[in-house]
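Computed from the coordinates by the stated procedures, all read-outs in this text should not be read as laboratory data. These numbers come from a predicted model, not from an experiment. Note that we place each Cβ from the backbone using ideal geometry, even for glycine, and neighbour counts take in every protein chain shown.
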Amino acid sequence: KQEVTQIPAALSVPEGENLVLNCSFTDSAIYNLQWFRQDPGKGLTSLLLIQSSQREQTSGRLNASLDKSSGRSTLYIAASQPGDSATYLCAVNTDKLIFGTGTRLQVFP
Amino acid sequence: GAVVSQHPSWVICKSGTSVKIECRSLDFQATTMFWYRQFPKQSLMLMATSNEGSKATYEQGVEKDKFLINHASLTLSTLTVTSAHPEDSSFYICSGGGGSGINIQYFGAGTRLSVL
């Protein structure tokens with residue numbers, strides 16, 4: 001059974017710091033892995049999607065890496081801003097999406 | 001990009017009533033639609049998967065007679081919470097697959113259900 005875990009569960013940092021959010025999964029047989037952002041009481045915003053054959057994807061200040069063999073992905077946020085405050089979810093896609101437990105990020109001025 | 005519209009965004013109902021939530025793919029044909037539930041401060045849990053024109057496949061522990069899913073067309077799926085009770089209060093999110101991306105789901109904005 002696929003299990004997805006995210007560390008840390010919560011993170012509070014001052015503005016400007018570079019951050020690393022971690023995601024681990026137990027079964028490497030995935031189609032892709034996706035990182036989402038969720039603001040309180042809102043739906044999901046897709047940030048980055050990495051296909052199983054890829055190693056990383058970048059979008060602006062965000063960089064996501066994937067090491068399928070070790071069952072790990074990281075989301076790197078450069079020069080964090082208060083507007084980055086949200087919950088970040090990773091999800092692995094087998095024949096369905098399995099979501100991680102989330103990391104609640106707070107960036108304070 | 002592919003857009004999924006979910007309606008309503010928020011609904012309050014009395015215990016014992018039924019509530020219908022709609023999920024529409026606006027610019028692509030969603031051959032498969034997924035329904036998720038999210039309790040406060042928890043992650044999303046898949047409830048069921050539906051393919052157009054066939055019965056939905058429910059995840060273990062999800063009551064199919066309570067959560068009725070209809071996927072009658074390639075652009076519309078509905079979730080009906082029958083005889084809702086306070087414990088059904090949650091955030092429900094749908095997604096559609098089958099757009100231009102391979103193995104990619106496009107998510108609706110979610111529906112917050114509060115059962116009094």
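Rounded to the nearest Å, what's the spacing between the alpha carbon centres of region B:25-86 and region A:12-89? Just the number, please. So the separation of the two Cα centres works out to 26 Å. Its alpha carbons considered, region A:10-69 gives a radius of gyration followed by a Dmax of 13.1, 37 Å.
Maximal additional length on extending the A:Ser59-A:Thr26 stretch stands at 9.2 nm, based on 0.36 nm per residue less the C-alpha distance. In chain B, a dipole from Cβ-located charges (positive for Lys and Arg, negative for Asp and Glu) runs towards its positive end, and of B:Ser5, B:Thr57, B:Val115 it is B:Val115 whose Cα lies farthest in that direction. Dipole magnitude for chain A: about 160 debye, using +1 per Lys or Arg Cβ and -1 per Asp or Glu Cβ, origin at the Cα centre. Per-residue mean of foreign Cβ neighbours for B:32-44 is 4 (Cβ atoms of other chains, 10 Å radius). Within region A:1-86, the GluC sites (Glu not before Pro) that combine a DSSP coil assignment with at most 16 other C-beta atoms in a 10 angstrom radius are A:Glu3, A:Glu15, A:Glu17. The value for region B:45-104 of Rg(Cα) / (2.2 N^0.38 Å) is 1.19. Inside 10 Å of the C-beta atoms of A:37-46, what's the mean count of C-beta atoms belonging to other chains? Rounded to a whole number, the mean comes out at 5. In the frame of its principal axes, region A:22-109 has Cα extents of 40, 25, 17 Å, reported largest first. Relative to its residue count, the protein assembly as shown spans a Cα convex hull of 118 Å³ per residue. For trypsin sites (Lys or Arg not before Pro), the sites in region B:26-116 that DSSP calls loop and that have at most 11 other Cβ atoms within 10 Å are B:Lys41.
Dipole orientation for chain A: of the candidates A:Ser73, A:Thr94, A:Cys23, A:Thr94 has the Cα lying most toward the positive pole (charges on Cβ; Lys, Arg +1; Asp, Glu -1).
Using a Gaussian network model of chain B in which every pair of alpha carbons under 10 angstrom is joined by a spring, one finds that among B:Gly96, B:Gly16, B:Gly61 the greatest mean-square fluctuation is at B:Gly61.
Other residues lying with their Cβ under 12 Å from the Cβ of A:Ser73 contribute a combined charge of +1, Lys and Arg counting +1, Asp and Glu -1. Here is the list for region B:1-87: GluC sites (Glu not before Pro) lying in DSSP coil, each with at most 11 other C-beta atoms within 10 angstrom of its C-beta, are B:Glu63.
Neighbours of A:Arg55, meaning other residues whose beta-carbon lies under 11 angstrom from its beta-carbon, give a summed charge of -1 when Lys and Arg score +1 and Asp and Glu score -1. Net charge dipole, chain B: roughly 180 debye, given to the nearest 20, about the Cα centre with Cβ charges of +1 for Lys and Arg and -1 for Asp and Glu. Here the translational diffusion coefficient of region B:1-59 follows from Stokes-Einstein with Rh set to the Kirkwood radius across Cα pairs; for 10 °C and 1.306 mPa s it amounts to 118 µm²/s. At full extension, B:Thr57 and B:Ser9 could sit 14.8 nm farther apart than now, given 0.36 nm per residue minus the alpha carbon distance. If you count Lys pairs in chain B whose Cα atoms are under 18 Å apart, skipping same-chain pairs closer than 8 places in sequence, the total is 6. Taking a sphere under 14 Å around the Cβ of A:Glu17 and counting the other residues whose Cβ falls inside, with K and R at +1 and D and E at -1, yields a net charge of -1.
By the Cα gyration tensor, region B:1-105 has an equivalent ellipsoid whose semi-axes, rounded to whole angstrom, run 23, 14, 13 from largest to smallest.
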